[in-house]
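> Could you have a look at this structure, given as structure tokens, before my questions?
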Amino acid sequence: MILAELELFHSRPIAPTRRVALGHLDLPVDPAPGFGGLLLGGVVAAHMSGLDPDLFDDLHTLTVQLERGQRVPQPRLRHRLQHDRVGLQRSVHRLVGAGERLSFELEGEKGSPAQHILAAVYAAALLPMGPRTPVMQVIRKAMRWAGAMDHSLVTYLSGLTKDQAWSVPGNADPVNWALGVLELPTRTNRRVVQRRFRDLVRRAHPDHGGDSLAAAARIAELTEARRVLLQAH
């Protein structure tokens, strides 16, 4: 299942001018950074090793300017952002999910690392002001990533601990996911949510017969579900 998608257009390596344009964007960011933020962070992390180190500070400055909604002069990172796609090559990056498993499907064969990174940053700049900041924070974290493009990157970008899991159902439909975790048939008032949360935490605790190895993860899941439902009121 495709969870987020970034389409970009870029000039060929032999072209006299270096150009980037955005195409179709499907970047869900609720709750932030969402699948869209993880995809943009993944694109940046995958291409940072190929970026000229002299451009790192310029890239960081650009993320801050775009996060604030400032107009930025062109070109940036030696590339010009444009709307016209004529004569440009196309690449598509996706975040996909299968059950609870997330993976990146990135097309990096065409274009330069700077072009793919710029596309991710400029796409983040088009987000509403509210989620834009956490997504830009994810991008800046991705700029420092030096590991593999696997679940550890998702954990790092999302800010979860190793004992937590990024839930595909939980972020695709957080309210219904939370209702299922707390075993509630429908949305209800805050008092019922709190009472059910306390009851399930008590059952999960090792002192009341819960599995000691799974207790921490279960309580973390219950806590997140409670947060989602209380926030939805």
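> Once you place label points 7 Å from the Cα toward the Cβ at R90 and T61, how far apart are they in nm?
My value for the distance between the label points is 3.5 nm.
> Let me ask something else about it. As I understand it, the value is the acute angle between the Cα axis of helix 212-232 and the longest principal axis of the Cα atoms of the chain; what does it come to in degrees, rounded to 10?
Between helix and principal axis, roughly 70 degrees.
> Separate question: Using a Gaussian network model on the chain with a 10 Å cutoff between Cα atoms, which of P73, P113, P28 fluctuates the most?
Comparing P73, P113, P28 in the GNM, the peak value goes to P73.
> Also, I was wondering about something else. Across the stretch 192-201, in residue order, what do the Karplus-derived ³J(HN,Hα) couplings come to in whole Hz, using 6.51 cos²θ - 1.76 cosθ + 1.60 with θ = phi - 60° and x for Gly and Pro?
Those phi angles translate into 5, 4, 5, 5, 5, 4, 5, 5, 6, 5 Hz.
> Can you work out ³J(HN,Hα) from phi for every residue in the stretch 73-82, in order, using Karplus 6.51 cos²θ - 1.76 cosθ + 1.60 and θ = phi - 60°, giving whole Hz and x for Gly and Pro?
x, 10, x, 10, 6, 6, 10, 10, 7, 9
> A further question follows. For a quick size check, give me the Cα extents of the chain along its three principal axes, largest first, whole Å.
The principal-axis extents, from largest down, are 69, 32, 30 Å.
> Specify the angular offset, from 0 to 90 degrees and rounded to the nearest 10, of the alpha carbon long axis of helix 113-125 from the longest principal axis of the alpha carbons in the chain.
Helix 113-125 and the main axis of the chain meet at about 60 degrees.
> Between A146 and K110, what's the calculated FRET efficiency when r is the beta-carbon distance and R0 is 25 Å? Round to 0.05.
On the way: r = 24 Å, r/R0 = 0.96.
Step by step, r from the Cβ atoms, then E = 0.55.
> Can you tell me the dipole magnitude for the chain around its Cα centre, using point charges on the Cβ only (Lys, Arg +1; Asp, Glu -1), in Debye to the nearest 20? Numbers along the way, then the final one.
Details: 29 positive and 23 negative charges, 131 e Å.
Roughly 640 debye, rounded to the nearest 20.
> In addition: Can you tell me the order of 131-138, 12-19 when each peptide is scored by its average per-residue count of other Cβ atoms within 10 angstrom, highest first?
Working: 131-138: 21.5, 12-19: 11.8.
Ranked from most to least packed, the peptides come out as 131-138, 12-19.
> Let me ask something additional. Hey, what angle do you get for helix 56-67 against the long axis of the chain, alpha-carbon based, 0 to 90 degrees rounded to 10?
Helix 56-67 and the main axis of the chain meet at about 60 degrees.
> What does the net charge come to around V135 if you take all other residues with beta carbon closer than 13 Å to its beta carbon, with K and R at +1 and D and E at -1? Walk me through the intermediate numbers first.
On the way: positive: R132, R140, K141; negative: D30, E67.
Within the 13 Å Cβ shell, the charges total +1.
> Still on this structure: If packing is taken as the average number of other Cβ atoms within 10 Å across a peptide's residues, how do 115-126, 178-189, 49-60 rank, most packed first? Walk me through the numbers before you get to the answer.
Values: 115-126: 24.3, 178-189: 14.8, 49-60: 12.7.
Listed from highest to lowest mean packing, they are 115-126, 178-189, 49-60.
> Kindly identify the stretch 6-60 as rounded, prolate or oblate by the Cα gyration tensor criterion: order the square roots of the eigenvalues as a ≥ b ≥ c, call it rounded if a/c is under 1.5, otherwise compare a/b with b/c, prolate if a/b is larger, else oblate. If you can, show how the numbers build up before the last one.
Details: a/c = 2.80, a/b = 1.44, b/c = 1.94.
The shape class here is oblate.
> Amide H to amide H, which residues 5 or more places from L3 or on other chains are under 5 Å from it, using H placed in the peptide plane?
L95, V96, G97
Taken together, the values in this text are just the output of simple stated rules run on the coordinates, not laboratory data. Please read these numbers as outputs of a predicted model, since none were measured by experiment. Here Cβ is always computed from backbone atoms with ideal geometry, including for glycine, and neighbour counts include all displayed protein chains.
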